[in-house]
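Written out below as structure tokens is the structure these notes cover.
The values are calculated or read from the model by the stated rules, or taken from the named source; none is laboratory data. Everything numeric in this text was worked out from a predicted model, so none of it was measured. As a convention, Cβ positions derive from the backbone with ideal geometry for all residues, glycine included, and neighbour counts pool all protein chains shown. Protein only, heavy atoms only, side chains kept; ligands, DNA and RNA dropped before computing areas. Shrake-Rupley method; radii C 1.70, N 1.55, O 1.52, S 1.80 Å.
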Amino acid sequence: MARESFMLEQTRIAEILILLADFKVLAAVTLMVAIALYLSFNSKRVYLVDFMCYKAPNTLRVPLSSLIEHVERWGKFGSKTIEFQTKISERSGIGNETYLPTGVHQFPCDPSLSSTIDEVEMVLFTVVQDLFTKHRIDPKSVDIIITNCSLVCPTPSLATMMINKFGFRSNVRSFNLSGMGCSAGILSISLARDLLRVHRNSLALVLSMESVSSNMYHGQVKSMLLANCLFRMGGAAILLSNRKSDRQIAKYELQHLVRTHLGSKDSSYKCVVQEADDEGYTGVSLSRSIPQVAGEALKTNMTTLAALALPYSELIQYGLSIMWKKVWPPAKKRGSYIPDFKKAFDHFCIHAGGRAVIGAIKEFLKLKDRDVEASKMTLYRFGNTSSSSTWYSLSYLEAKGRVREGDRVWQLAFGSGFKCNSAVWKCISKMKPDNLNVWSDRIDQYPVEVPEVMDH
């Protein structure tokens, strides 16, 4: 009897322990759900209040005929290199209304530090002043400033140059990024986002540009001559905020940001490199392997972005295709299933690095001509403006009146390293025509048919 009583007591204790264990599991699950809900509703949102792209005066316009004439008159190139640059320029997809800084227009070309600083000041001072004037912003209200320019890193820094010009507060948080390539614009947005998550009620100013003045290549190496034909003058100023009060005036809200860096691989690290040739001339070497490396970087970046942005139907189909390839080896020959990103995004702003870059992304993502129109027209009208190019594309979409409240925009950029960065923005305002848009004076003339070989 005593034994049965003891066994019954042990059973009751076991049942109580099981109930307690179940309660702990339930409590843990409930706590995790509560935390997830709290974070989702109380996450620090990042708003894009507005942005401004730079347009140079017409005196700095460089038709292809003028560029080729400059190349011939510089006296630095042989007949073969002149012919090569002429061919690349005519097939680049770049039109006759792009801009080069004053130093490049001179004979001989002025690559001095003074000429470079003049270019930087012309671009950044203008876009910042235009942005501040439009929104009546007191520079002292800005809490964070981030500048990025890959090939120019003077002392004091570009960020300090802005602080001195506009009189920012003494405790403004300033950052200057260099050597980050054409994807540095989105990378700077990533840094700003992280800072805005930490510092409440703050404004962040991001400035993106690339200097052309000091980086024209005068040697004979073809891979380094490509930059002479593709890069043009430009820049952008972007104003971000995490203040709830700014949601009413903001254009966009940041949804996702994904960064990919393949620099651990030598093939990726060496495909875009600034170096000196055998004659001592410095330039940026663009490898033939860029399309392959960019494709690999895009696949990696896209895999992460897909999980964040794609609807469940596309995710399931993508997952099943991967599983099927593992189960049935012959399926590997068909390649991976490429999700339909048009089900996740309404607009695409692809880095206008060149005709081949835009075409390859269009084919890989199975996009239509209209999907890449903004990027193609940006390349045609402004050339490759490096880290600011995706902002010119977004300006084009706004000027065309295509971006509407609720639309999602995918900015996609590539850069040295090798990097692939994506930013997804959701339009949260009713967009209105803006006379300060960099395209507003001639948007009715676009799109244009870009010939395979441009006329002089």
Which numbered condition trips up residue 257, out of (1) more than 28 Å from residue 160 (Cα to Cα); (2) open to solvent by 20 Å² or more (accessible area, probe 1.4 Å); (3) modelled with pLDDT of 95 or more? (1)
Among the residues of region 125-143, are any open to solvent by 40 Å² or more (accessible area, probe 1.4 Å), touching a strand residue (DSSP E or B) at 6+ places or on another chain (Cβ under 9 Å) and aliphatic (A, V, I, L, M)? no
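Taking region 258-289, which residues are of a type in the set (D, E, K, R) and more than 22 Å from residue 302 (Cβ to Cβ)? Before you say what the answer is, go through the steps one by one.
Taking region 258-289 first, the residues of a type in the set (D, E, K, R) are 259, 265-266, 270, 275, 277-279, 288.
Those that are of a type in the set (D, E, K, R) and more than 22 Å from residue 302 (Cβ to Cβ): 266, 270, 275, 277, 278, 279, 288.
Looking for something within 30 Å of residue 82 (Cβ to Cβ), open to solvent by 40 Å² or more (accessible area, probe 1.4 Å), within 22 Å of the chain's Cα centre (by Cα) and modelled with pLDDT under 95 - is there at least one such residue anywhere in region 229-247? I'd like the intermediate steps shown before the answer.
Of the residues in region 229-247, the ones within 30 Å of residue 82 (Cβ to Cβ) are 229-235.
Subsequent filtering for residues that are open to solvent by 40 Å² or more (accessible area, probe 1.4 Å) retains 231.
Still in the list and also within 22 Å of the chain's Cα centre (by Cα): 231.
Now drop any that are not modelled with pLDDT under 95, which leaves none.
No; the residues of region 229-247 include none that is within 30 Å of residue 82 (Cβ to Cβ), open to solvent by 40 Å² or more (accessible area, probe 1.4 Å), within 22 Å of the chain's Cα centre (by Cα) and modelled with pLDDT under 95.
Looking at 406, 353, which one is on the phi > 0 side of the Ramachandran plot and either crowded, with 24+ Cβ neighbours inside 10 Å or outside any helix (DSSP H, G or I) (or both)?
Numbers: 353 fails: on the phi > 0 side of the Ramachandran plot.
Sole residue among the options that is on the phi > 0 side of the Ramachandran plot and either crowded, with 24+ Cβ neighbours inside 10 Å or outside any helix (DSSP H, G or I) (or both): 406.
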Every listed condition ((1) closer than 24 Å to residue 356 by Cα; (2) within 22 Å of the chain's Cα centre (by Cα)) holds for residue 436 save (1)
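May I ask you to list the residues in region 97-108 that are open to solvent by 10 Å² or more (accessible area, probe 1.4 Å) and touching a residue at least 24 places away in the same chain (Cβ under 8 Å)?
Filtering region 97-108 for residues open to solvent by 10 Å² or more (accessible area, probe 1.4 Å) gives 97, 102, 105-108.
Hits for region 97-108 are 97, 102, 105, 107, 108.
Here is a yes/no grid of residues against (1) part of a strand (DSSP E or B); (2) open to solvent by 70 Å² or more (accessible area, probe 1.4 Å); (3) aliphatic (A, V, I, L, M); (4) touching a Gly at 6+ places or on another chain (Cβ under 6 Å):
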| position | (1), (2), (3), (4) |
| --- | --- |
| 86 | no, no, no, no |
| 95 | no, no, no, no |
| 110 | no, no, no, yes |
| 114 | no, yes, no, no |
| 123 | no, no, yes, yes |
Somewhere in region 363-372, is a residue of a type outside the set (D, E, K, R), surrounded by 18 or more Cβ atoms within 10 Å (Cβ to Cβ), assigned to a helix (DSSP H, G or I) and under 18 Å from the mean Cα position of the chain (by Cα)? yes
From the list 161, 180, exactly one residue is at pLDDT below 95 and farther than 18 Å from residue 241 by Cβ. Which is it? 180
Please list, ordered by first then second residue, the pairs with beta carbon atoms under 8 Å, 6 or more apart or interchain, first in region 295-306 and among the hydroxyl-bearing types (Ser, Thr, Tyr), second modelled with pLDDT of 95 or more. 300/260; 300/262; 300/420; 304/258; 304/260
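Looking at region 37-68, which of the residues that are modelled with pLDDT of 90 or more and part of a helix (DSSP H, G or I) is farthest from residue 95 (Cα to Cα)?
From region 37-68, those modelled with pLDDT of 90 or more are 45-68; that's our starting set.
Those still in the list that are part of a helix (DSSP H, G or I) too: 58-60, 64-68.
On the way: 58: 14, 59: 16, 60: 14, 64: 7, 65: 10, 66: 12, 67: 11, 68: 13 Å.
My answer is 59.
Checking the condition surrounded by fewer than 19 Cβ atoms within 10 Å (Cβ to Cβ) and under 19 Å from residue 354 (Cβ atoms), which residue from 274, 220 passes?
On the way: 220 fails: under 19 Å from residue 354 (Cβ atoms).
On inspection, the qualifying residue turns out to be 274.
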